[in-house]
Amino acid sequence: VTLKAYSDELRKRGHFGLKSEQRTREWQRVMAKVHLRHQRWQEALGLLEPYLAWSETFRDSLSLEERLPYFRGTSQGAYQDAILAHAALYNQTPSERAFDTALVALGKLKARHLKDALEASGKTGGLSAASAADKVNALVRRGSTYFSVADAGDTLITYLADANGKTIRLARKSAGFDSNVLALRNSLAERRLFDTRTARNISALVLGNLEPRVFGQRPLVAEIDGPLSFLPVELWLDEKMTPLGAQSAVSYLPTLAMAD
């Protein structure tokens, strides 16, 4: 079954013509997906991490014009798979160390996007070398609540750090979640209508039992990915239908690499 899944994936992507090392690396990526489907998180990471290390080296050998489309293909999907695996491992055995490790995985994907953007604009460097954990700890020491939502395809991963500790929550997207988010945004932008039920459903799905630790916090530092990034979190509603923006002072980070 495993070999068939690998062969089918290679055939679908037209990878039978790849060089030997590339086929080996693609095998790692595809087999990692098999492990993910069976929730074998550690086994998946054992394949994803060497694949990602190789993909970065391979990517550096390409021209700038070739790098951007290369990363936005299967390589980006592998980063997202690693993010999901680390978050799932945290849920199995929660600890501050597991939270920080999961945060690093998220930061690697964000840093890759940022590096590409800087290179495309002819800029390099200028980013702090402090770790993701150090940056989050600094925000919390200053009295802020750090709140991040990563989009891993059919799963939303919420990271939260405040004076009460650090935690990660995974939520399976409901049917039509992405389209509902965009429909809510477009309704506001084009017709100036606000669908309170959809806004409430978004908050409840993403936050769940973390809601009391997000609503009413001042200040709140948000880092949001995917379709949710097109909708201000100030418009999310709590169970009393009060918007987040009426309770909290919100600032946004595109990535922790820019937290300074």
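The values are calculated or read from the model by the stated rules, or taken from the named source; none is laboratory data. Predicted model only: the values in this text are computed from it and were never measured. FYI the Cβ positions are ideal-geometry reconstructions off the backbone, even for glycines, and counts take in every protein chain you see. The protein model used for the area step is the full one, side chains on, heavy atoms only, and it has no ligands, DNA or RNA in it. Shrake-Rupley method; radii C 1.70, N 1.55, O 1.52, S 1.80 Å.
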Restricted to the range 140-156 and to residues being open to solvent by less than 30 Å² (accessible area, probe 1.4 Å) and in a loop (DSSP other than H, G, I, E, B), the residue modelled with the lowest pLDDT is 152
message: I'd like to know if the range 113-134 contains one or more residues that are at pLDDT 90 or above and closer than 26 Å to residue 36 by Cβ.
response: no
Return a yes/no flag: does the range 174-181 have any residue that is over 19 Å from residue 139 (Cα atoms), of a type outside the set (S, T, N, Q) and in contact with a Pro (Cβ under 6 Å, 6 or more places away or on another chain).
yes
Residues in the range 191-209 that are touching a strand residue (DSSP E or B) at 6+ places or on another chain (Cβ under 8 Å) and open to solvent by 10 Å² or more (accessible area, probe 1.4 Å) total 5
Checked the range 161-172 for anything open to solvent by less than 60 Å² (accessible area, probe 1.4 Å) and more than 14 Å from the chain's Cα centre (by Cα); matches are 161, 162, 165, 166, 167
A careful count of residues in the range 219-253 that are more than 19 Å from residue 193 (Cβ to Cβ), in contact (Cβ under 8 Å) with a residue 40 or more places away in the chain and open to solvent by 50 Å² or more (accessible area, probe 1.4 Å) gives 1
